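S.K.: Okay, handing you the structure first.
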Amino acid sequence: MARWTGDRWRSTPHRVLPPPADAPHEELISLIMFCKANSDTIIAPLPGSIGHTDYPPITAGDYLRERIAQTKVHPETQQQSVRGS
């Protein structure tokens, strides 16, 4: 969504918190939506984009490969880090 909207709509950091102390048995519910475009779909800002970033067009497959390449495991710590957002 960020690329299509010129960063107007971006995913946000999120986390799940434990139930409050006064309701320890409260049921936690998560609502998640995943969207995957076909690998040959061109992702480019929509015409008249309301955002402030003008991304170059890219295929969904190339975008996914770039994101995966930004993720690496540091051999000295064996911890995963993700560069960029």
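We did not get these values from a lab; they are worked out from the coordinates using the rules stated. Because the structure is predicted, anything quoted here is derived from the model rather than measured. Note that each Cβ is placed from the backbone with ideal geometry, even for glycine, and that neighbours are counted across all protein chains shown.
S.K.: Using the basic label-point model (7 angstrom from Cα toward the beta carbon), what is the Ala69 to Ala37 distance in nanometres?
M.R.: Label-label distance for Ala69 and Ala37, simple model: 1.8 nm.
S.K.: Amide H neighbours of Thr59 under 5 Å, at least 5 residues apart or on other chains, H built in the peptide plane: list them.
M.R.: Distant-sequence amide H within range of Thr59: Ile43.
S.K.: Go through region 8-14 residue by residue and turn each phi into a ³J(HN,Hα) via Karplus (6.51, -1.76, 1.60, θ = phi - 60°); whole Hz please, and just put x for glycine and proline.
M.R.: These are the phi-based 3J(HN,Hα) values: 5, 10, 10, 5, 10, x, 9 Hz.
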